[in-house]
Each structure stands twice: as structure tokens, then as C-alpha cells.
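The values are calculated or read from the model by the stated rules, or taken from the named source; none is laboratory data. Please read all numbers here as calculations on a predicted model, not as lab measurements. As a convention, Cβ positions derive from the backbone with ideal geometry for all residues, glycine included, and neighbour counts pool all protein chains shown. Ligands, DNA and RNA are excluded from the accessible area calculation, which covers all protein heavy atoms including side chains. Shrake-Rupley method; radii C 1.70, N 1.55, O 1.52, S 1.80 Å.
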Amino acid sequence: MDQTILFVIIGGASLLGGLLVGKLVFARNTKKQVEEAEAQAANILKETALRAETIRKEKQLEAKEHFIQLKSDYDRDLLEKNKKIGESENRIKQKEITINQKEASIDKQVKENETIKDNLNRQTDLVNLKRSELEKHQEEHIRRLEKIANLSADDARQQLIESLKHEAQTQALVLQQEIIEDAKQKANKEARKIIIQSIQRTAAEVAIENTVTVFNLESDEMKGQIIGREGRNIRAIEAATGVDLIVDDTPEAILLSSFDPLRREIARLSLQRLVTDGRIHPARIEEVVEKTRRQLEDQIAEIGERTVIELGIHGLHKELIRIIGKMRFRSSYGQNLLMHSRETANLCGIMAAELGLNPKLAKRAGLLHDIGKVPDEETELSHALLGAKLAEKYGENPAVVNAIGAHHDEMEMQYVISPIIQACDAISGARPGARREIMQQYIQRIKDLENLAMNYQGVEKAYAIQAGRELRVIVEAEKVTDQTSDQLSFDIAQKIQTEMTYPGQIKVTVIREKRAVNIAR
């Protein structure tokens, strides 16, 4: 019994000691694990702090690069704006010089006209004096005839009445012809005055479009990036824009070839962005071209709105405004279509005001007269009829619709402003330097000019020089005198004026030279 109790006590003591020992061991292990966890937490915090510092520095560098890029873009835009302002100032100065020269020329012409008028007045007085003397001689002649004829009073009176009647009819016919000629001269003079005033009050620029655009590069190394591996980049650009890229030996330049100026502009702007960005691959090319195309559409709308605001035209349909903006990227015989339409609109407004018509309506029709040249879809209609159809579709005034359709005589003119639009369109297109002629037409016109002069008697040679603005005629001295040279020059000029169509004016110079040649042997 005592042993049992002793064993129980020993077992309990052993159990209690084991518990104490286990608790100590557990406590030690737990402390070690806590210390390891704290060490790991400290390491994680340290790594997190290092990573946060690295990210902060990267963001600072990206922000600085973005700032530098924005500053570079701003400086480039500022430089371009300053350049445009300088060019505008130079154009304004040039126009001021031209206006001053025109004023001086007009003053000189006025003085010459006054001198001519004084001479005409003196000649008129002399003619009146001679006429009165002739009438006196005629009266005395009649009296002498009466004495010699020894007629009766009734017969003499009858003959005198018949003579006076015939004389009165002759004078009436002469007076009638003079009145008709004077009316024609005044009408032509007034018409020329209106046209000249309209042209002088319109400042026109000469802008000739080409089918090739030169894209300048900073270095020839960019050509390889634009071409790409096995030509994939250049094929992607051509497929996305519809423009041929010509990469040849021309230093630091690539040619963009297309008949459509709008496509060339999209290709030029896209290439400029790709070269600036430096990332050139097919996916990026398609993205940039699409983005450029959308931005150019916005630019077209802005150009149209700015044009109608500058011309003071209100209430145009948005689609017509977009078509007007598209004219900026079209040309007709080398003449920019938007510049031609603006010039025609200004001429129409001025001419309508001079004739007492509605200048706003005429200006509106002048701006819209060529909208049929920029259709969104191909059609078999002529541009005049298509333009009239578009104007009618978007609710334009019937007078404007008729003026657009009739400016090439494809519709009957039903309103007064229709012939004004036709005349101003011809004035804008036919002024010197406005349009570029086809080479064959130009050569044929030069040949016709020389052949016309060669048909005259005594002409030995004829040369058209200065692009057909001057015709020099060399005559044979034995057949043509100095007096007939003046008449020959006048006759040739009149025949050119009546039989040929040409821009500007042609100066006819007749050269007569007598050479005496002997040889001393």
C-alpha cells in the first residue's frame, strides 16, 4: 500500500516535471519562431521601401521626359507660328508695295487721260470751225447755182428742198452712227470699269498643286526604318494611305506620289508622326494613319467653317461646309480649288454690288459654284450639274442652284446672278498665273501665234517669246516701210485679239532693219 502511494507520488512528480520541461521547450520554440517572423517582417518592410523608392524615381524620370517632350513640342509649335507670322508680314508688305505702285500708275494714267482730253477738245473745236466754213461755202454754192440755172422760184425751192432733205438724211445717218458708237464705247468702258474694280479689290494668291510631295528626313538612316524588314513597313504605309512611297538616292528625302492631294496629306502627317515617335511597324502604322485621317476630317470641317466666316456667309448646311473644306486639298488645272472659289466669291460680291444686286447671294453662289468637283462618290454627272444637285439637296436658294448649274451653260440661266457667276469664274481662271496649261496646248498656242504673223505680206520671221506674252515680228526692209510697220503691228494685235484665246495680254513688236553689207577684197 505504501509502495503504491509512493509510485503514485513519483508518477505525479514525473508528470509534473515533464509538463514543466515541455512548457519550457514550447516557450523557447515559440520565442524563436516569433523572432524569425519579426526578422522576416523587417526584411519585407525593407524590400518594400526599396521598391517604393525605385518606383518613385522611375515616375520622376518619366515625368521629366514627358515635360521635356511637351516643352519640345511647344517650342516647335511656337517656332512655326513665328515663321508663319513673319511670312504673313512679308506678304502684307509686298501687297502694300504693289498697291502703292498701282496708285502711282493710276495717277499717271489720269494725267495722260487729261492731256488726251485737252487735245480732243482742241481738235473738236477745229473740226467745228472747219464744218462751219464748209457750210458757208455750200450755201454760197447753192446761191450761185440758182443764178446760173435761171430757174423759177418754185423749181429752185423744190430743188433746194430735195437737196436739204438729202443732206439732212445724210447728217441724221451720221449722227445716228455716232450715237450708236458712243453708246457702245460707253457700255464697254463701264463694263471694263466694273470688272477692273472688282479685280483690283480682290487680293488673289497663286497656288499650284503637284502630284508629288517631298518628305524631308533628318538623316538617311530613317529610310531603312521606314522600309522595314523585307519592305513590310513601306507596304503597310502604301496599303493604309493609298500613296506610293518612292525611296531613291535623293539625300534625306522620300517622295510621296498620288493624284489625290488629300491622300498625300494623310501620308505626310502619318510619316511625320511615325518618324517623331520612332516606333514604326505595321500595327502602329495602321493606328497612326487612322488617327491622322480622323484628325484631318476635323481639320477639313474647321477650314470650311473658317472660310464661310471670313466671307461673311451664314446658314450653310454642315455638309456643304465640309465640302468647302475638302476644296483645300483639290486643284483644277494646277489652281487650288478653295482659293479659286474664294476669289470667285469675292469677285461676285463686288460685281453684284456695283450692279445694284444682292452681293451676299452672289458671294454665296460664287463660293459654291465648284462643289461638284469634290464628290464623295464617283458619278457620271458633270461637276456643274452635280453641284446644283447637291445645293438643291441641302436647301440652297433656287438662284444659287441655277447659278451653279449654269456657269458652264449646261442649264438655262434663269436669274440675274447666273451670268455674274460665269463671268467671275472665267476671270479667276483666266488671269495670268492662275492655271497651269497642258504642255501640248501651250506649244500649239505658241505655234498658232507665230503662224498668224507669218501670214502677213513682208513678214520674214516671227518668234513668240516670254511664254507667249510677246510676239516679235521681223519684216523685210525692202517690202515694208517704217510707216507700214506701225499699221502691221496694229493689224496683227487686232487679229490676235479677235481670233485667239489667251491669258493676260500679248505685246506685238515689229522689227524692221536695213543692212548694207559689202566685202573688201
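Give, as a single signed number, the net charge of other residues whose beta carbon lies under 14 Å from the beta carbon of residue 77, with Lys and Arg counted +1 and Asp and Glu -1.
Overall, the nearby charge balance is +2.
Judged by the ratio a/c of the largest to the smallest principal axis of the C-alpha gyration tensor, the stretch 320-359 counts as oblate, that ratio being 1.5 or greater while a/b is no larger than b/c. Only aspartates and glutamates eight or more places from residue 111 in sequence, or on another chain, were considered; those with a Cα closer than 18 Å are 103. Can you pull the percent of the chain's accessible area that's carbon plus sulfur, 1.4 Å probe, other chains left in place? About 54 percent, which is the carbon plus sulfur part of the accessible surface. Taking all protein chains as they are arranged and a probe of 1.4 Å, the heavy atoms of residue 277 leave approximately 60 Å² accessible to solvent. The computed Rg and Dmax of the Cα atoms in Å for the structure shown corresponds, within (i) 26.1, 89; (ii) 45.7, 212; (iii) 25.7, 84, to (ii). Computed per residue of the chain from DSSP H runs no shorter than four, each worth -39500 (n - 2.57), the mean residue ellipticity at 222 nm is -25000 deg cm²/dmol. Look at the dipole of the chain built from charges on Cβ: of 401, 266, 352, the Cα furthest out on the positive end belongs to 266. When only the Cβ of Lys, Arg, Asp and Glu is charged (+1, +1, -1, -1), the dipole of the stretch 318-473 relative to its Cα centre reaches about 640 debye. Span-like helices, the chain: DSSP H, alpha-carbon axial extent 30 Å or more, mean Kyte-Doolittle 0.5 or greater, which ones? Passing helices, by number: none.
Counting only Cβ charges, +1 for Lys and Arg and -1 for Asp and Glu, the dipole size of the stretch 343-391 around its Cα centre is about 340 debye.
Annotation: per residue accessible area for the stretch 285-347 equals 46 Å², rounded to a whole number [probe 1.4 Å, protein chains only]. Accessible area per residue for the stretch 11-59, computed on protein heavy atoms with a 1.4 Å probe, is 91 Å². The residues packed around residue 383, meaning those with a beta-carbon under 13 Å from its beta-carbon, carry a net charge of -2 if Lys and Arg are +1 and Asp and Glu are -1. The residues of the stretch 370-521 expose on average 63 square angstrom of accessible surface per residue, using a 1.4 Å probe on protein heavy atoms. Only Lys, Arg, Asp and Glu count, each charged at its Cβ (+1, +1, -1, -1), so figure out the dipole size of the stretch 54-114 about its Cα centre, rounded to 20 debye. Dipole magnitude for the stretch 54-114 comes out near 360 debye.
Residue pairs exceeding 25 angstrom between C-alpha atoms, taken from 136/165; 326/363; 95/363; 81/326: none.
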